[in-house]
Amino acid sequence: MRASAASPPRLGFGVGLRSIHFTHVLEKRPHVDFFEAVTENFLGTRGRPLEVLDRVAERWPVLLHGVSMSIGSTDPLDLDYLRRVRELALRMRSPWVSDHVCWSSTSGQHLHDLLPLPYDEPTLRHVVDRARRAQDVLGLPLAFENPSTYLAFRRSTMPEWEFVARLAEEADCGLLLDVNNVYVSAMNHGFDPERYVDAMPADRVFYFHLAGHTRLATHILDTHSDHVADPVWRLYARAQERCGGKPTLLEWDESIPTFPVLERELRRAKRAAGKGAGRLFQGRHGHARPAGK
Amino acid sequence: MTPDPDPSLASLQEWMRRRITAPGARDRRDDVEVAPSDTLDPSARLDVYAGMYFLRLREVLESDFGAVAQALGHAGFDRVVRAFLKAHPSRHYDLNAFGSRLPRFLRARSRFLSDLARVEWALTEVVHEPLAPDLDRAALAKLGPDEWEGVRFRFAPSVRLLALDFPANGYLQAVRDGKRAAIPRPSPSWLAVYRRGFLVWRMTLSRPAYRVLDALARGRTLGDALRSVVRSRDVAPAELENALFRWFRDWAGEGLFAEALPPKTRARRRAFAAVDGRTRRARAEIVRAKRFSSPAPVAAASEAVPAAATSASRTTARRRASR
């Protein structure tokens, strides 16, 4: 299914499911609207992680977010991987799956990183073609996230926002706009983050990611190890206003705090979303269930 | 039709792969391909990715092999990780499987570390194996005295049996208790690693207990397993008799067995009949297809036979599920 044929559910405000919180989530049933699971953590297991995710999916909507589709790679598309993702997505009733505008493997080697692409026409054609084929195999809408990047290629001929927006339109897929990544890349490359957000096709944006970063002397790293930074909150408010109220997912992957800290951060996201937040709970899709049900 | 990949992009990715996986591999192409930022030159920007590549995979291995990392110390573990990455670069998207070769890799360096890594890897493996229903003890109780000798046991998938040259489990426990532990001297030890619910357990075994379990896990009958222990003279027959009840009570109680398979039971006959029935049906399809000279059903039916025959066999990111 292509993104233009999908009606993305208005999921509300969720957090990334991490194993450190498994017990808390199952026992305390926290007040979050949905969870997002890192796809690859659940593809090769028939054990405890999958048992937990099944139980979470009984109670909350679960979105699958991958890191290994390697949509920009010049290796062949991994069809076995895509079929496994589809199987898991159907099991979790995930309304779409997401991954990144990047490459992460080549010559059969997995580098386990979200590596940057040159933003030029040949690369765009290559990625659009693969995205369309991946979406066909998945049979589900696919949303691509803008990555944080630390280098830019001299051969790039267009800004990242143009590449990402054209990818969404030409591959007929969705976007997962990571507002923190926009900010990190903007600082690392010296572009205006607001210009990036303003260039996003609002109807293609399925949801937002928020996370913290780490500022070093020479660059910013996307570490997901802290609270969302103030400039990112301001950018997020602008993105919500521009896109008309989209679901939002908080990621925290290092120095992970207790769950109540995440809940407080989500409450701040609701406040920052402002008027847009009110539209997040209208017209729920069939997949979505109320929080805490 | 799938277009050929852009050769220029393929070359760029292959160069970048080599550049970020080989430490200190700065080259002239850095400046050709990468633009500088206000604060970093092209090589420094590539080094950000090179540094993250190593640190990410080091972190994965440290999370699976924390006691090995502690035994080696920070610099020693760094060296092992670098050598391991060179020998076994990741070929799979699933980071949970990345450390599977480390125990064997360590064997050439240290038999103790290899044993310790085997224990830690078993802990990871059983987390990702499904649980099995508890053994049906009522069915077991109905066995006649003459049937016990021929009983076989199907183990729960989330069980691993280890025979070790070193007391690696004791070392692991000391590390987890936050105690300073010296590298132990060689001394054989035996261990069962298994999962009950969400928790993973380690059960130390005596040599004869391990022999019995190992023989059963290999599909031998209980009679054969016990005879191998008696032949080994690890335990006197009278002691074995006393120990057996306790062992089986513990093993069954801990969920090591998924099923007891008495010789020629109805259940086994049913299983055989089911496979046999599928085979017969598939053969009938083939015959029917041949009769009507239609190639499609032949292919479908031919595929159905191995699929049915193997249906009972087990199959097993940056951010990963932890133990």
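The values are calculated or read from the model by the stated rules, or taken from the named source; none is laboratory data. This one's a predicted model, so the numbers in the text were calculated from it and none came from an experiment. Cβ atoms come from the backbone with ideal geometry, glycine included; neighbour counts cover every protein chain shown. We work out accessible area using only protein heavy atoms, side chains counted, and drop any ligands, DNA or RNA first. Shrake-Rupley method; radii C 1.70, N 1.55, O 1.52, S 1.80 Å.
Taking into account only those residues within the stretch B:245-265 that are small (G, A, S) and surrounded by 15 or more Cβ atoms within 10 Å (Cβ to Cβ), which is farthest from B:A139 (Cα to Cα)?
Step one: list which residues in the stretch B:245-265 are small (G, A, S), which gives B:252-253, B:255, B:258, B:260.
Subset that is surrounded by 15 or more Cβ atoms within 10 Å (Cβ to Cβ): B:252, B:255, B:258, B:260.
Details: B:A252: 13, B:G255: 16, B:A258: 13, B:A260: 9 Å.
Top of the filtered list is B:G255.
With open to solvent by 70 Å² or more (accessible area, probe 1.4 Å), in the same structural domain as B:D78 (by TED's automatic domain parsing) and out of contact with any helix residue (DSSP H, G or I) (no Cβ under 8 Å at 6 or more places or on another chain) as the only criterion, which of B:V48, B:V32 stands out? Even if it seems obvious, please write down each step before you answer.
On the way: B:V48 fails: open to solvent by 70 Å² or more (accessible area, probe 1.4 Å).
The match here is B:V32.
Could you go through the stretch B:36-43 and let me know if any residue there is under 20 Å from A:S105 (Cα atoms) and within 14 Å of another protein chain (Cβ to nearest Cβ). I'd like the intermediate steps shown before the answer.
We begin by selecting, within the stretch B:36-43, every residue under 20 Å from A:S105 (Cα atoms); these are none.
Taking every residue of the stretch B:36-43 in turn, none turns out to be under 20 Å from A:S105 (Cα atoms) and within 14 Å of another protein chain (Cβ to nearest Cβ).
Look through B:R109, B:R118, B:R79 and report the one residue that is part of a helix (DSSP H, G or I), surrounded by fewer than 19 Cβ atoms within 10 Å (Cβ to Cβ) and either touching a Ser or Thr at 6+ places or on another chain (Cβ under 6 Å) or away from every other protein chain (no Cβ under 14 Å) (or both).
Numbers: B:R109 fails: part of a helix (DSSP H, G or I); B:R118 fails: surrounded by fewer than 19 Cβ atoms within 10 Å (Cβ to Cβ).
Only one candidate qualifies: B:R79.
Could you please let me know if A:M92 is farther than 27 Å from A:R268 by Cβ and under 15 Å from the mean Cα position of the chain (by Cα)? Give the steps one after another, and end with the answer.
Details: farther than 27 Å from A:R268 by Cβ: yes; under 15 Å from the mean Cα position of the chain (by Cα): no.
The answer is no for A:M92.
Going by what's in this entry, would B:A243 be described as outside any helix (DSSP H, G or I) and in the same structural domain as B:S158 (by TED's automatic domain parsing)? Spell out the reasoning first.
Details: outside any helix (DSSP H, G or I): no; in the same structural domain as B:S158 (by TED's automatic domain parsing): yes.
For B:A243, the condition - outside any helix (DSSP H, G or I) and in the same structural domain as B:S158 (by TED's automatic domain parsing) - is not met.
Quick one: B:L161 ticks every box in (1) under 22 Å from the mean Cα position of the chain (by Cα); (2) farther than 30 Å from A:F22 by Cα except a single one, so which number is it?
For B:L161, the failing item is (2).
Residues in the stretch A:133-160 that are away from chain B (no Cβ under 12 Å), crowded, with 19+ Cβ neighbours inside 10 Å, closer than 21 Å to A:A202 by Cβ and not acidic (D, E): how many?
Residues that pass the stated criteria total 6.
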